[in-house]
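Working notes, structure below.
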Amino acid sequence: MVDFSLTDEQHALREMAHDFAAKEIRPVAWEFDKEGTWPAEIIKKAWEVGLMNSHIPEEYGGPGASYFDGCLIEEEFGWGCSGIGTSLAANGLAGAPLLLGGSEELKRKYFGMLVEEPKLAAFCLTEPDAGSDVSGMRTTAVRKGDKYVINGSKCFITNGGYADWFTVYAKTDKDAGHRGISAFIVPKEAGVIVDKKEDKMGQRASNTATITFNDVEIPADHLLAEENKGFKLAMMVLDRTRPGVAAMAVGIARAAFEFAVDYSKQRVQFGVPIAMHQAIQFMIADMATDIEAGRLLTWQSAVLLDQGKRNTLASSHAKRFAADAAMKVTTDAVQVYGGYGFIKDYPVEKLMRDAKIMQLYEGTAQIQRLVIARETLLPRRVDEPAAAVA
Ligand code: CAA
């Protein structure tokens with residue numbers, strides 16, 4: 001039976017995340033956006049109330065929440081401020097390769113660090129010359145005895161400037177394309193250099209950094225999964241994290257929609273609130289449909305994961321649709337505000353700037369379409385258990 005209603009526990013979780021977003025995130029969101037302020041206090045509070053690290057299993061001290069529950073939280077973060085929300089949620093991305101490919105010892109140690117203190121981890125895949133084309137990466141990891149030596153540079157790394165450990169992808173066989181990439185846990189103290197904090201169009205309260213590894217030595221047992229299985233691991237990670245990104249995009253769209261609805265009831269033109277004009281009503285109607293549809297695709301992609309099924313196609317549908325919808329809804333919200341929408345004193349221009357990154361990070365809108373086309377033209381079974389990395 002298909003049932004879209006939430007359980008009492010899920011209602012309570014969503015309410016708690018919403019309260020947190022309303023009380024802790026919203027009041028500072030526009031101010032933090034202006035200055036690009038790092039939300040250190042909010043991270044600490046979110047950690048204290050148990051809204052961070054939702055996917056760390058109970059045996060490693062985490063809440064062991066489902067992917068679906070994670071999406072409920074991330075929608076509320078996105079509604080509050082997706083820049084701050086991204087800072088709060090990025091441990092999930094960095095932790096996913098560890099969850100899928102880490103040894104028991106690595107999980108205890110590195111998940112332990114995140115649950116014992118409000119610490120951060122960062123996911124290092126992208127490079128200046130390898131964005132969508134992951135296998136074009138140049139960072140190398142060379143095995144020397146019981147160590148790997150890592151050299152290279154990664155860019156656009158969320159929380160990079162504040163992370164205590166990193167999941168790093170590097171070439172272990174330069175001539176083997178995507179089959180020559182491996183993934184590692186690299187602790188900050190191994191000598192990771194934070195080069196540059198990016199000055200961004202949107203999500204300005206999140207930290208996006210360039211990270212460099214110059215002869216960084218790590219123990220050989222910090223390899224995740226098997227050598228040369230890193231590409232597949234990265235793809236499996238993104239299948240698991242794109243639903244959360246989609247949820248955050250739904251949250252941004254919902255915020256813009258609510259502002260637009262309220263404004264349309266107050267703003268009077270031609271003698272009536274503009275909500276009385278069909279031109280505005282149709283925009284509001286399309287926004288509402290896009291939000292509902294984005295949420296349903298998001299929920300489906302997360303539920304498949306919770307059922308242990310492969311969700312590659314559903315995950316790309318959700319990320320693609322919800323990100324494009326967030327861009328459209330926020331742009332239309334600016335339109336509903338008219339000239340005021342373009343002014344920084346009003347709330348919606350920030351949301352439009354924030355929405356843009358949803359079409360870029362964790363796979364661009366075009367990459368999602370590529371995945372959807374491939375999965376459609378050469379379908380893989382979606383009911384098989386989530387594939388093992390090895
Ligand atoms: N699960 C498991 N295996 C998968 C898979 C999946 N979802 N997708 C592909 N694979 C496997 C394939 O079966 C294939 O296996 P074999 O080696 O056995 O043949 C292998 O991986 C290679 O697959 P492709 O031929 O499809 O690989 P490709 O080079 O054409 O790339 C791609 C495919 C979809 C374009 C991929 O490179 C991709 O997703 N690129 C986007 C990367 C991305 O999202 N980057 C964002 C970085 S994270 C971020 O944004 C950071 C942040 O801080 C927010």
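The values are calculated or read from the model by the stated rules, or taken from the named source; none is laboratory data. As the structure is a computational prediction, the values presented were derived from the model and not from experiment. Positions of Cβ are backbone-derived with ideal geometry, glycine not excepted, and every protein chain shown enters the neighbour counts. Calculation scope for accessible area: heavy atoms of the full protein, side chains included, ligands and nucleic acids excluded. Shrake-Rupley method; radii C 1.70, N 1.55, O 1.52, S 1.80 Å.
Average projected area of the Cα convex hull of the stretch 29-187, in nm²?
For the stretch 29-187, averaging the hull's shadow over all directions gives 10.2 nm².
Considering amide H positions built from the backbone, and no H for Pro or chain starts, which residues 5 or more places from Asp164, or on another chain, come under 5 Å of its amide H?
The list, which skips near neighbours in sequence, is Leu120, Ala121.
If you roll a 1.4 angstrom probe over the protein chains with everything in place, what fraction of the accessible area of the chain belongs to carbon and sulfur, to the nearest %?
Within the chain, the accessible surface is 54 percent carbon and sulfur.
Using the heavy atoms of the protein chains alone and a 1.4 angstrom probe, what is the accessible area of the chain per residue in square angstrom?
Ligands and nucleic acids excluded, the figure is 45 Å² per residue.
Between Met358, Met287, Met276, which gets the highest mean-square fluctuation from a Gaussian network model of the chain, Cα cutoff 10 Å?
Met276
Order of 1-8, 318-325 by packing, highest average Cβ count within 10 Å first?
Order by mean packing, descending: 318-325, 1-8.
P(r) tail for the chain, what percent of Cα pairs lie past 30 Å?
Of the Cα pairs, 38 percent sit more than 30 Å apart.
For Arg295, what is the net charge nearby, where nearby means another residue's Cβ is under 9 Å from its Cβ and Lys, Arg count +1, Asp, Glu -1?
-1
With a ≥ b ≥ c taken as the square roots of the eigenvalues of the C-alpha gyration tensor of the stretch 1-62, please select rounded if a/c is under 1.5 and otherwise prolate if a/b is larger than b/c or oblate if it is not?
Oblate shape, in that a/c is at least 1.5 and b/c is the bigger or equal ratio.
What helices in the chain pass both tests, a Cα length along the helix axis of 20 Å or more and a mean Kyte hydropathy of -1.0 or higher, using whole DSSP H runs?
The answer, listed by residue number, is 67-101, 230-266, 278-306, 312-337.
Taking amide H atoms as placed 1.01 Å from N in the peptide plane, list the residues 5 or more away in sequence, or in a different chain, whose amide H sits under 5 Å from that of Lys147.
Ala220
Between the stretch 124-150 and the stretch 341-359, what is the separation of their alpha carbon centroids in Å?
One Cα centre to the other: 35 Å.
Any idea what the alpha-carbon Rg over 2.2 N^0.38 Å comes to for the stretch 184-295?
1.75
Please give the calculated 222 nm ellipticity per residue for the chain, where each DSSP H segment of at least 4 residues contributes -39500 (n - 2.57) and the sum is spread over every residue; nearest 500 deg cm²/dmol?
-17000 deg cm²/dmol
Taking 0.36 nm per intervening residue step and subtracting the Cα-Cα distance, what contour gain separates Arg179 from Arg374 on full extension?
Here the answer is 68.3 nm.
Against the globular-protein guess of 2.2 N^0.38 Å, express the Cα radius of gyration of the stretch 171-227 as a ratio, rounded to two decimals.
1.44
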